[in-house]
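> Just dropping this structure here.
The values are calculated or read from the model by the stated rules, or taken from the named source; none is laboratory data. All figures in this text were calculated on a predicted structure; none of them were measured in a lab. Here the Cβ positions follow ideal geometry from the backbone for every residue, glycine too, while neighbour counts run over all protein chains shown.
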């Protein structure tokens, strides 16, 4: 399936990408996060499991178990963002 992934605030700065289309077989948010970590480099560092990262799916707060569907939007952002 293809989904849109967006990165905000310090995650966007660290990864160097604001949004991208991702082909994935991930069933849920946790699977997607691990898939992105496996890219290594800035992705692995910014999305490391010990780092606090919030996630929204289609603009609703999500957990690792939240399922993904084709065409959905997944946003990753730090727990506190500035204006």
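> Hand me the list of helices (runs of 4 or more DSSP H) wholly inside the chain holding 2 or more residues that are touching a residue at least 60 places away in the same chain (Cβ under 8 Å).
9-15
> Condition check: on the phi < 0 side of the Ramachandran plot, at pLDDT below 95 and out of contact with any strand residue (DSSP E or B) (no Cβ under 7 Å at 6 or more places or on another chain). Does residue 30 satisfy that?
Judged against the criteria, residue 30 is not a match.
> For the range 42-83, give me each residue that is loosely packed, with under 11 Cβ neighbours inside 10 Å and at pLDDT 95 or above.
Listed by number, the residues that qualify are 59, 60, 61, 63, 65, 69, 70, 71.
> Are any residues in the range 27-52 under 15 Å from residue 66 (Cβ atoms) and more than 12 Å from the chain's Cα centre (by Cα), and if so, which ones?
Within the range 27-52, just 27 meets the criteria.
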